1. Within the range 137-158, restricting attention to residues that are in contact with a strand residue (DSSP E or B) (Cβ under 8 Å, 6 or more places away or on another chain) and assigned to a helix (DSSP H, G or I), which residue is nearest to residue 200 (Cα to Cα)?
2. Looking at 146, 246 in this structure, which one is under 22 Å from the mean Cα position of the chain (by Cα) and modelled with pLDDT under 90?
3. Give me a count of the residues in the range 119-132 that are at pLDDT 80 or above and outside any loop (DSSP other than H, G, I, E, B).
4. Among the helices (runs of 4 or more DSSP H) confined wholly to the range 177-241, which include 2 or more residues that are touching a strand residue (DSSP E or B) at 6+ places or on another chain (Cβ under 9 Å) and surrounded by 14 or more Cβ atoms within 10 Å (Cβ to Cβ)?
5. Within the range 29-54, can you find the residues that are more than 16 Å from residue 249 (Cβ to Cβ) and in contact with a strand residue (DSSP E or B) (Cβ under 8 Å, 6 or more places away or on another chain)?
6. Here is a check on your reading of the model: is residue 166 at pLDDT 95 or above and either touching a strand residue (DSSP E or B) at 6+ places or on another chain (Cβ under 9 Å) or part of a helix (DSSP H, G or I) (or both)?
7. Would you say residue 169 is closer than 16 Å to residue 28 by Cβ and touching a helix residue (DSSP H, G or I) at 6+ places or on another chain (Cβ under 8 Å)?
8. Using the structure shown, decide if residue 275 is modelled with pLDDT under 95, touching a strand residue (DSSP E or B) at 6+ places or on another chain (Cβ under 7 Å) and within 23 Å of residue 30 (Cβ to Cβ).
């Protein structure tokens, strides 16, 4: 049973917000967001996925969901947030992205209030997973600033590592992010040794030049079955649950679902007020 809005009088759950981001596209960020969410849901967490990719929203595509409403409808005042939450067959819920969220940095007071109105109607979740766009755009940084924890996804490719360093540098340049938990997830590795080497190299550079290290949360081995699951629009954990890569995803999900030591906001409203500003 998926999470979702609760009726009046029910006790609010404390929600942990987690950003999944990357310095460049094509590193498997969205696929990991979907499958990590499914793994957490199967582990007993109530999970809400938020598509924060500006203008290129595709979480719903990977799950073969055609949303009737997106966050664009909320920005325009046609729906409130609780009306666009989509239950999925995978035990988690989805808020689909739309072009309207690309206007986030330019929202007027009226549009901002459309989003903020009724935020407290959505509660009962243990974890909010935000799949951001790639790169260092203002909207990506806004999501990172609003979330308690951020996972930066990279691959062993030199360009991916360079771009991962770029986003770490940009994030750490913002004073609000100092002391926030930045995690590293290395995707598409051929061995555990390669994953450790990639993490060590990136951690060495960030420690030397940015004076802050990165905590490697794990790695995912390269697996052609993952690409096949994308083409089939079915999550990898559903189609190939016994694959070694699926086991690695579940292990990472278990580590990320552990919210001990994290300052947790009380609801989705708390996260979105930090994201949009309270006006």
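The values are calculated or read from the model by the stated rules, or taken from the named source; none is laboratory data. None of the values given here were measured: they were computed from a predicted structure. Methodologically, a virtual Cβ is constructed for each residue, glycine included, from the backbone with ideal geometry; neighbour enumeration extends over all protein chains shown.
1. If we filter the range 137-158 for residues that are in contact with a strand residue (DSSP E or B) (Cβ under 8 Å, 6 or more places away or on another chain), which is where we start, we get 139-140, 143-144, 146-156.
When the remaining residues are screened for being assigned to a helix (DSSP H, G or I), the result is 139-140, 143-144, 146.
Details: 139: 29, 140: 25, 143: 26, 144: 23, 146: 28 Å.
In this case the residue turns out to be 144.
2. Values: 246 fails: modelled with pLDDT under 90.
Checking each option against the conditions leaves just 146.
3. From the range 119-132, those at pLDDT 80 or above are 124-132; that's our starting set.
Of the ones still in play, those that are also outside any loop (DSSP other than H, G, I, E, B) are 127-132.
Residues meeting the conditions: 6.
4. Details: elements: 192-210, 224-232, 236-239.
Those helices (runs of 4 or more DSSP H) span 192-210.
5. To start, the set of residues in the range 29-54 that are more than 16 Å from residue 249 (Cβ to Cβ) comprises 44, 46, 48, 50-54.
Those that are more than 16 Å from residue 249 (Cβ to Cβ) and in contact with a strand residue (DSSP E or B) (Cβ under 8 Å, 6 or more places away or on another chain): 46, 48, 50, 51, 52, 53, 54.
6. Numbers: at pLDDT 95 or above: no; either touching a strand residue (DSSP E or B) at 6+ places or on another chain (Cβ under 9 Å) or part of a helix (DSSP H, G or I) (or both): yes.
No: the conditions fail for residue 166.
7. Details: closer than 16 Å to residue 28 by Cβ: no; touching a helix residue (DSSP H, G or I) at 6+ places or on another chain (Cβ under 8 Å): yes.
It is false that residue 169 is closer than 16 Å to residue 28 by Cβ and touching a helix residue (DSSP H, G or I) at 6+ places or on another chain (Cβ under 8 Å).
8. no
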